[in-house]
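Quick notes on the structure that follows.
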Amino acid sequence: ELLRLACSEPCGLRGALLDLCVEHGKACHDVGHIAVDPAVVPTFQLTLVLRLDSRLWPKIQGLFTSGPAFAPLKLSTGFRVIKKKLYSSEQLLIEEC
């Protein structure tokens, strides 16, 4: 999905800033940020929003407020990608998968 969203960009995926988030209820928690190629001026931003596997919620509900940072999380196969062009005023593109 990320490659498909990058194919119309001037530098392809090399021009991406990638933000990784995990959705927890109605909130999104930042996990990290990656400049795909730090030598290229970014032309667009992709925010990958991963979802927790809701079937395991009772077992992991306290991980975001307490517990070790290295505790494993089970993620759902569904995700959302938000694409924002950094050189244009076009609207955001949101893909649900």
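Per-atom-type breakdown for the stretch 1-40 gives carbon and sulfur 62% of the accessible area (1.4 Å probe, protein chains only).
If you take all other residues with their beta carbon under 14 Å from the beta carbon of Leu48, and give Lys and Arg +1 and Asp and Glu -1, the sum is -1.
Bridgeable aspartates and glutamates around Lys83 (alpha carbons under 13 Å apart, same-chain partners fewer than 8 residues away excluded): Glu1, Glu9, Asp19, Glu95, Glu96.
The values are calculated or read from the model by the stated rules, or taken from the named source; none is laboratory data. None of these values were measured; they are calculated from a predicted model. Counting neighbours? That spans all protein chains shown, and the Cβs are built from the backbone with ideal geometry, glycine included. What goes into the accessible areas is simple: the full protein's heavy atoms, side chains included, and nothing from ligands, DNA or RNA. Shrake-Rupley method; radii C 1.70, N 1.55, O 1.52, S 1.80 Å.
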